[in-house]
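Scroll down for the structure; my scribbles are underneath it.
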Amino acid sequence: PTQCDNWVRTSNGGHFASPNYPNMYPPNQECIYILEAAPRQRIELTFDEPYYIEPSFECRFDHLEVRDGPFGFSPLINRYCGLKSPALIRSTGRFMWIKFTSDEELEGKGFQAKYSFIPDPDFTYLGGILNPIPDCQFELSGADGIVRSSQVEQEGKTKPGQAVDCIWTIKATPNAKIYLRFLDYQMEHSNECKRNFVAVYDGSSSIENLKAKFCSTVANDVTLQTGTGVVRMWADEGSRLSRFRMLFTSFVDPPCSGNTYFCHSNMCINNSLVCNGIQNCAYPWDENHCREKKKTGLFEQITKTHGTIIGITSGIVLVLLIISILVQVKQPRKKVMACKTAFNKTGFQEVFDPPHYELFSLRDKEISADLADLSEELENYQKMRRPSTASRCIHDHHCGSQASNIKQSRTNLSSMELPFHNDFAQPQPMK
């Protein structure tokens with residue numbers, strides 16, 4: 001905004017005039033005045049005499065333009081020119097935008113206007129300007145930082161149900177400017193700028209230094225041309241859920257020096273801001289070519305003291321483990337020897353060994369004697385048989401009688417019942 005000539009401000013209002021008033025204003029002039037009232041207030045504008053601006057159809061040449069708001073695109077109240085001063089002008093909100101324009105020909109005396117503040121009728125049920133808004137100011141500085149509305153509640157600057165009117169003053173590094181980028185932005189009553197807004201000033205909090213004002217659903221980045229920025233938030237009692245979070249970055253114009261990084265957007269930032277996980281440039285060049293930072297591993301986190309403690313502990317555990325192994329190796333052998341000593345071999349063999357049988361197992365001496373007699377008889381029989389076989393029998397009846405005797409003896413042998421015949425019983429089943 002371009003301000004022409006003097007502008008007087010007081011707590012209750014002020015006054016301003018066209019250049020050289022009450023003398024003729026110069027040609028080719030464009031003067032802009034932005035008026036701002038306190039929250040819950042409106043603006044009244046009156047004009048003094050004498051008053052003269054070159055008259056024209058629809059005031060197309062020299063004229064005074066008044067808008068209801070802080071911007072050149074705010075709703076137009078009217079354009080004024082001619083010999084008659086305008087009537088009383090009132091705003092519907094806290095701001096009024098005024099521009100005086102003169103062309104190359106036909107100048108006049110111009111004007112002088114006075115402005116004052118009056119209570120906003122929308123807040124008459126609260127009694128106009130009642131409870132003064134408490135002091136709510138914060139200061140930030142450095143290469144970058146975060147401006148956040150949550151700081152108001154955290155530091156108890158306002159109480160629940162109260163209106164919010166807070167100011168954050170930002171100081172850049174020496175010889176640097178400020179770049180602002182919104183990280184979070186939400187307005188509860190969007191597009192109701194007199195109830196709810198975030199304003200950004202370039203250089204100071206004066207109304208003529210207003211750079212941008214956000215009250216809709218979108219907030220754009222802002223680049224300031226000075227090293228001082230002011231962020232102001234206003235929210236009435238019904239808009240306390242509004243919030244914002246803004247990143248500020250200090251930068252210098254190219255060419256970039258050795259300790260700065262070129263952002264490819266006419267700005268150089270400090271090298272410490274590169275690859276810090278935050279986009280400080282207008283475009284994310286400072287974070288695009290960064291290797292993904294991995295989390296520090298376990299071994300990287302171990303310090304020298306921790307390493308010493310872990311080493312000693314590991315050595316003690318290793319010694320105890322060796323001792324335990326040696327004890328375990330010796331201990332089972334003693335247990336086996338003790339078990340062998342107390343082992344009942346008879347009972348174990350009775351259960352698991354199969355029964356063994358001999359061909360002739362004799363149980364008493366009587367059976368042994370009978371067998372001895374039988375053996376002797378068989379031996380005598382063999383002796384008798386040998387000579388008879390060698391010298392053939394001469395007398396058939398003798399041989400026959402002998403043969404019959406032999407047959408009889410054989411018959412006797414075959415018919416003999418041995419007393420141990422039934423001793424071969426069936427073997428017992430295995431247990």
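The values are calculated or read from the model by the stated rules, or taken from the named source; none is laboratory data. Quantities reported herein were computed from a predicted structural model and do not represent experimental measurements. When we count neighbours, we look across all protein chains shown, and the Cβ atoms used for this are built from the backbone with ideal geometry, even at glycine. We work out accessible area using only protein heavy atoms, side chains counted, and drop any ligands, DNA or RNA first. Shrake-Rupley method; radii C 1.70, N 1.55, O 1.52, S 1.80 Å.
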Q.
Tell me whether the stretch 214-222 contains one or more residues that are in a strand (DSSP E or B) and modelled with pLDDT of 90 or more.
A. yes
Q) In the stretch 238-259, how many are more than 32 Å from the chain's Cα centre (by Cα) and small (Gly, Ala, Ser)? A) 3
Q | Search result, residues across the stretch 62-109 that are open to solvent by less than 20 Å² (accessible area, probe 1.4 Å), closer than 21 Å to LEU210 by Cα, touching a residue at least 24 places away in the same chain (Cβ under 8 Å) and not basic (Lys, Arg) | A | LEU64, GLU65, VAL66, GLY69, PRO70, SER91, GLY93, PHE95, MET96, ILE98, PHE100
Q | Options ILE53, ILE34, ILE89: the member that is of a type in the set (Val, Ile, Thr) and under 52 Å from the mean Cα position of the chain (by Cα) | A | ILE34
(Q) Given the criterion at pLDDT below 90 and under 19 Å from PRO19 (Cβ atoms), identify the matching residue among GLU58, GLU105. (A) GLU105
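Per-residue answers, yes or no, for (1) closer than 25 Å to LYS177 by Cβ; (2) open to solvent by 40 Å² or more (accessible area, probe 1.4 Å); (3) modelled with pLDDT under 85:
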| residue | (1), (2), (3) |
| --- | --- |
| PHE248 | yes, no, no |
| CYS281 | yes, no, no |
| ASP286 | yes, no, no |
| GLU292 | no, yes, yes |
| ILE323 | no, yes, no |
Q: Within the stretch 147-182, work out how many residues are more than 18 Å from PRO70 (Cβ to Cβ) and open to solvent by 20 Å² or more (accessible area, probe 1.4 Å).
A: 21
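Residues checked against (1) part of a loop (DSSP other than H, G, I, E, B); (2) farther than 25 Å from ASN191 by Cβ; (3) touching a Phe, Trp or Tyr at 6+ places or on another chain (Cβ under 9 Å):
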{"site": "CYS4", "(1), (2), (3)": "yes, yes, yes"}
{"site": "ASN20", "(1), (2), (3)": "yes, yes, no"}
{"site": "THR46", "(1), (2), (3)": "no, yes, yes"}
{"site": "VAL66", "(1), (2), (3)": "no, no, yes"}
{"site": "GLY72", "(1), (2), (3)": "yes, no, yes"}
{"site": "SER85", "(1), (2), (3)": "yes, yes, yes"}
Q) Do we find that TYR185 is open to solvent by 50 Å² or more (accessible area, probe 1.4 Å), in the same structural domain as GLU139 (by the TED database) and of a type in the set (Phe, Trp, Tyr) in this structure? A) no
